[in-house]
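Working notes, beginning with the structure itself.
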Amino acid sequence: MKMSYYDKAKDIYDMSAKGKGLEAFEKYYHNDVVMVEATGEARNGKAANRKFEQEFIGMIKEVHGSGVRAITSNESIVKRFSKFVKFSARSTLFSKSNL
């Protein structure tokens, strides 16, 4: 059975919560993915985004919580999530949100 966008998004969040964010990235993201940060900075392609995600995850010392606030889907997905993490070299908390 084909997974809906809702099921795919939920699986990505579930995998990430279990520490399998890179596996979810490999499973679901297209080779031509473009990720845009809140600053407007865009990263093009799976290789560039994989490198960013590996570096980001490599800086995390502790995960203080994560969760899905809302997922909506009519096969055109709108999503929102947050992660609060403590980095190994810093004591500040970071919130990463994706809309």
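The values are calculated or read from the model by the stated rules, or taken from the named source; none is laboratory data. This is a predicted model, so every value here is computed, not measured. Methodologically, a virtual Cβ is constructed for each residue, glycine included, from the backbone with ideal geometry; neighbour enumeration extends over all protein chains shown.
Some notes on this structure:
- Scanning segment 1-35 for residues that are basic (K, R) and within 11 Å of the chain's Cα centre (by Cα) returns a single hit, K20.
- Filtering segment 36-57 to residues that are within 14 Å of the chain's Cα centre (by Cα) and modelled with pLDDT under 90 leaves V36, E37, A38, F56, I57.
- Residues of segment 29-54 classified as closer than 19 Å to A70 by Cβ and free of Cβ contacts under 8 Å to residues at least 24 places away in the same chain, total: 0
- Count of segment 1-47 residues, restricted to those that are among the basic types (K, R), surrounded by fewer than 14 Cβ atoms within 10 Å (Cβ to Cβ) and part of a loop (DSSP other than H, G, I, E, B), is 2.
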